[in-house]
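None of the figures in this text is laboratory data; all of them are computed from the coordinates on show. Note that the structure is a prediction, hence the values are computed from the model and not measured. Neighbour counts run over all protein chains shown; Cβ positions are idealised from the backbone, glycine included.
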Amino acid sequence: MISPITFCIGTSNNLNYLKLAIKSVREYSYYKDAPFIIFAENCTDGTDEWLLINKDKYNLEIYIEHNDEENRKGIGVGMNFCADKVKTEYIMFLHADFIVSKNWDKSAEEIFIQNPDKKFWISSYRIQPNVFKENSRPGTFIVDNEIFGEFYHNFNMDYFQEFAAEFAKLNKDIIIRKGEGVSGLIRKKDWDEIGGNDPLFTPLAYDDMDLFIRMQLVGFDFPLIGSSVVYHFGSRSDNGHFMNDELKRATKQINYDARSRQRFYEKWGQLPEFDLNGFVKPIYK
């Protein structure tokens, strides 16, 4: 079967979680042999070496950029970089700290099949450990850390897969209007039309909100579906909130947040506002 989907992951220094993500995609996706693009940037934790060794094992198309902190692509432009390489009808973006469940990709594709003329960003329902000390919210089910494991070394894959299958079955009709950043299924032509992420927000923060605002202004729909389930460990890289397993925000993350917040304000004339689902509202200039 020829896959209509290409999986895309951008990563920086979260090798242990990346290994689990890649393995789960190849084992549990409907399109197990889909093209799979990995963009690794500024990695110093052995990611580059592991990818080169395991490229053929997991059938990966890998791109590695070394030690260019001043010109780093970061999350959003890293997604753009991957998307430019895609030749299939759809792009499925993933976090590097995801675990996917059985047929998660096919469940998302079905929305496109049923609505061939619509523009979509389709998100999976997230199961997430309580590392942020927060409550569940629309589209994300927060669980106690010990249920599935909050780290790569204590994650219970078999139990999660059992849970996810039952969750998807019970929640197959749930659709929430909400987009999730970095992860989602979109048509390649629609991504190209919208222009991907704005490099203004390099290397991270506020790029997803800017993207979703622009998408809303040209008629995208944003179904987050209960029939597609992923586990999200929660920002486990030096591109994210936490450094390794310390569960402590990196200083540079705080600085990037502040810088991108200012750039968002300068671009849109206001800071983002959110609806009852926590989804960013469109801004009409």
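List the residues whose amide H sits under 5 Å from the amide H of ASN197, counting only those 5 or more places along or on another chain, with H placed 1.01 Å from N in the peptide plane.
Here ASN80 satisfy the definition.
Taking H as built 1.01 Å from N, whose amide H comes closer than 5 Å to the amide H of LYS281, not counting residues under 5 places away?
GLU273, PHE274, ASP275
According to the square roots a ≥ b ≥ c of the eigenvalues of the Cα gyration tensor, what is the shape class of the range 1-52, taking rounded for a/c under 1.5, prolate for a/b larger than b/c otherwise, and oblate for the remainder?
Here the range 1-52 falls in the prolate category.
Specify whether the C-alpha gyration tensor of the range 47-148 places it in the rounded, prolate or oblate class, a ≥ b ≥ c being the square roots of the eigenvalues: rounded for a/c under 1.5, otherwise prolate if a/b is larger than b/c and oblate if not.
The shape class here is oblate.
Compute the label zone of GLN114 within the range 136-161: residues whose backbone N is under 17 Å from the point 7 Å along Cα-to-Cβ.
none
May I ask you to evaluate 6.51 cos²θ - 1.76 cosθ + 1.60, the Karplus curve with θ = phi - 60°, for each residue of the range 185-192 and list the ³J(HN,Hα) values in order in whole Hz, giving x for glycine and proline?
So the J values, rounded to whole Hz, are 9, 8, 5, 4, 5, 6, 4, 5.
Take peptides 52-60, 210-218, 127-135 and line them up by average Cβ neighbours within 10 Å, highest first, as a rough protection proxy.
Descending mean neighbour count gives 210-218, 127-135, 52-60.
Can you list, by residue number, the Cys in the chain that have no neighbouring cysteine C-beta under 4.7 Å?
Lacking a cysteine Cβ partner under 4.7 Å: CYS43.
Taking amide H positions as placed in the peptide plane 1.01 Å from N, state which residues far from SER228 in sequence (5 or more) or on other chains have amide H under 5 Å from it.
Those qualifying (amide H under 5 Å, at least 5 residues apart or on another chain) are TYR125.
What does the charge count around LYS119 come to, taking other residues whose C-beta lies under 11 Å from its C-beta (Lys +1, Arg +1, Asp -1, Glu -1)?
-1
Once you order the gyration tensor axes a ≥ b ≥ c over the Cα atoms, which shape class does the range 5-268 get: rounded for a/c under 1.5, otherwise prolate or oblate by comparing a/b with b/c?
Judged from the Cα gyration tensor, the range 5-268 comes out rounded (a/c under 1.5).
Just to check I understand the Karplus step: with θ = phi - 60° and J = 6.51 cos²θ - 1.76 cosθ + 1.60, what whole-Hz values come out for the range 142-147, glycine and proline as x?
Once rounded to whole Hz, the list reads 8, 10, 4, 4, 6, 5.
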